[in-house]
Amino acid sequence: MNHAQLPVALLLVLGIGGASGACGSPPEDQPAPLEGPTLVSGSSLDRYGLLVIPRDGGVAQFRSIESPSTVRWTGRLSLGGVTAAHSLGSAVVLRRGRQLRLYTTSPVEAETPLPDAPADARWIASPQGGAFVSGERILAITATDAAEVAADGVVLWAAPAAGDRVVALVEGADGPELAVWEAGESRPATTRAVGARGPVTLAGWGRTIVTASEDGRGLTEWSIPELEPAEGAEIGGAPSALAISPSQHRVFAASVDRPRFVVIDRYDWREVGSSRPEAPLETLRPGMTGDRLVAWDGSNAWSARAGEAGLDAVPGEWRADLPLALPGGAVLLSAESGLGLLRPDGDVAAVEGPADAWWLPFRWGRRLPVASAAVVPEDTLEDAEEALDALADSVAPGRIGLLTVGRVGRLSNGTPDPPGDPAAGEEVTPVPDEPAATPLPELPGGFYAVALSSRQLAELGPTRQLLDGSGYATHVLRRVDEASDIWYRLLVGPYETRPDAEEAALELRRERGIDAWVHEEGDQARRRGP
């Protein structure tokens, strides 16, 4: 197996707090499935949103998941035209023909080359990332890793799994079989003959696989890497589509025989509810916060609350990215008139934005979304803590330092003399060379809103944490006054023009009570602190 290590980015799939993948009887303190704001740390959806990628090239936009017309971030990196874009949660795979790039926004906005996609490859999304498959070839991709393997037969389904493994359903010489490749291995470590050729979904945070049962009328869950059958459920017909909720609590299944849509609790494999759609459902697409999903029957789109089974019609076309279920029961859709937001009451509100762009669910920032321990069973917490520990070891400290709030910010081409502090009347002078072994990074030229100035670096910490958590790009500038005293400035930006920075300073005063002012940084960058 060929592995390509990628720059560190968040890898956690939506919310730790669902089933751990352990099978057997449900825990006595089993909570209700986590949905909406309860799936996120605290009750904030600020780090969940929609990443808008222009098809013909340009800069990306990060938009509010609750109000898609609202632009919260505008990227600085100019992206080329793309033929497809696929969300990995905290990163995006950009495709240009066979050429692939990984687009990330934390700790900095960047594009990183990936191995080329196999010829005529199709993309299969999964909770752990996704995979391109073509014939016997698999290219499995997560936000931090890419692995290429070859199977002993045509690949029907594949996905990256926990522990940097790759799992697949393969049409073997003797029929369909499941296969598991360990990290770095070219041959599968485990194979298991199964009776059905699909559908398949990853579950239990990448530690189990759910397939059609041997008799073809139900579901079976298999452990990874052992591929031992565990729990399962009858759904009264051959499965046509499968999906897992973001919290991993529920399995959504559609069957062909007398078309049926079923919601199953993955703790005890009991049926929570079911309904009879007009036609067999071919695709199930859960929303990123788990409180709603959308479905496609080949002709029409539908939506349903994740804990219920009733289906509501969704107007518009079915695309690779839309419709998309949003928090509160809303659905973002694409129609002939443009983008729209279907509300729970049936009204459709227009959404301002490029209809021909890719609209992808996305999470940004280095803080990991975790559920409250008060509502998570002990066995789930053990698996969640293990996953978080592994992520904490791999996630480098960082923030979105090259994105700007509001308009696109470009670096200043002039070299004006930096003005002094209007509050203290002091001039900014270059900071003397430091004797430290590690040189400090440079501060790009441009206009900044100064949120705080202090002699003590530690005093900037709480305000910086608050602003980082609210989506601002922050920096710390060290400066020396005429008395040779060192001061630290907490900066927000950079912005292309002074009016843009003044607008940001006004926003800080109005919404945060911060008496901010504007600082201009010339092309001769100053050395700054961490």
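Suppose we filter A151, A162, A143 for residues that are aliphatic (A, V, I, L, M), within 24 Å of E214 (Cβ to Cβ) and either within 25 Å of the chain's Cα centre (by Cα) or open to solvent by less than 10 Å² (accessible area, probe 1.4 Å) (or both); which single one remains? Break it down stepwise before answering.
Working: A162 fails: within 24 Å of E214 (Cβ to Cβ); A143 fails: within 24 Å of E214 (Cβ to Cβ).
Unique residue meeting the criteria: A151.
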| query | Scanning for something at pLDDT below 95, open to solvent by 40 Å² or more (accessible area, probe 1.4 Å) and in a strand (DSSP E or B), does region 201-217 turn up at least one residue? | reply | no
Notebook entry, point to check: Is there a residue being within 17 Å of V331 (Cα to Cα) and in contact with a Leu (Cβ under 8 Å, 6 or more places away or on another chain) anywhere in region 211-228?
Noted result: no
The number of residues in region 257-276 that are under 27 Å from the mean Cα position of the chain (by Cα), charged (D, E, K, R) and assigned to a loop (DSSP other than H, G, I, E, B) is 1
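Does region 288-308 include one or more residues that are of a type in the set (A, V, I, L, M, F, W, C), within 19 Å of the chain's Cα centre (by Cα) and open to solvent by 10 Å² or more (accessible area, probe 1.4 Å)?
Here is the first cut: in region 288-308, the residues of a type in the set (A, V, I, L, M, F, W, C) are 288, 293-296, 301-302, 304, 306.
Next, only the ones that are within 19 Å of the chain's Cα centre (by Cα) stay: 288, 293-294.
Retained after the next criterion (residues that are open to solvent by 10 Å² or more (accessible area, probe 1.4 Å)): 288.
Yes, that holds for at least one residue.
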Next item on the list: Considering every residue within region 344-362, establish whether at least one is farther than 24 Å from W296 by Cβ and either part of a loop (DSSP other than H, G, I, E, B) or at pLDDT 95 or above (or both).
Entry: yes
Checked A230, A279, A254 against criteria (outside any loop (DSSP other than H, G, I, E, B), surrounded by fewer than 20 Cβ atoms within 10 Å (Cβ to Cβ) and among the hydrophobic types (A, V, I, L, M, F, W, C)); the one match is A230
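Is one or more of the residues making up region 456-475 open to solvent by 80 Å² or more (accessible area, probe 1.4 Å), part of a loop (DSSP other than H, G, I, E, B) and at pLDDT 85 or above?
Initially, region 456-475 is screened for residues open to solvent by 80 Å² or more (accessible area, probe 1.4 Å), giving 456, 458-459, 462, 465-466.
Filter once more, keeping what is part of a loop (DSSP other than H, G, I, E, B): 456.
Still in the running and at pLDDT 85 or above: 456.
Yes: one or more hits.
In region 476-509, which residues are in a strand (DSSP E or B) and either of a type in the set (S, T, N, Q) or closer than 15 Å to S453 by Cα (or both)? Spell out how you get there, then give the answer.
Restricting attention to region 476-509, the residues satisfying the condition of being in a strand (DSSP E or B) are 476-480, 486-495.
Matches in region 476-509: V476, L477, R478, R479, V480, I486, W487, Y488, R489, L490, L491, V492.
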Taking region 61-86 and keeping residues farther than 28 Å from G446 by Cα, modelled with pLDDT of 95 or more and of a type in the set (G, A, S) leaves A84, A85
Taking region 92-114 and keeping residues closer than 28 Å to T283 by Cα and open to solvent by 10 Å² or more (accessible area, probe 1.4 Å) leaves R95, R96, G97, R98, Q99, R101, L114
Apart from one, (1) open to solvent by 10 Å² or more (accessible area, probe 1.4 Å); (2) in contact with a Gly (Cβ under 7 Å, 6 or more places away or on another chain); (3) of a type in the set (S, T, Y); (4) modelled with pLDDT under 95 all hold for S43; the odd one out is (2)
Going through region 74-129 in order, the residues found to be among the hydrophobic types (A, V, I, L, M, F, W, C), in contact with an Asp or Glu (Cβ under 7 Å, 6 or more places away or on another chain) and outside any strand (DSSP E or B) are L77
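The values are calculated or read from the model by the stated rules, or taken from the named source; none is laboratory data. All values reported here derive from a predicted model rather than from experimental measurement. Positions of Cβ are generated from backbone atoms using ideal geometry, with glycine treated the same way; all protein chains shown enter the neighbour counts. For accessibility, only protein heavy atoms count, side chains too; no ligands or nucleic acids. Shrake-Rupley method; radii C 1.70, N 1.55, O 1.52, S 1.80 Å.
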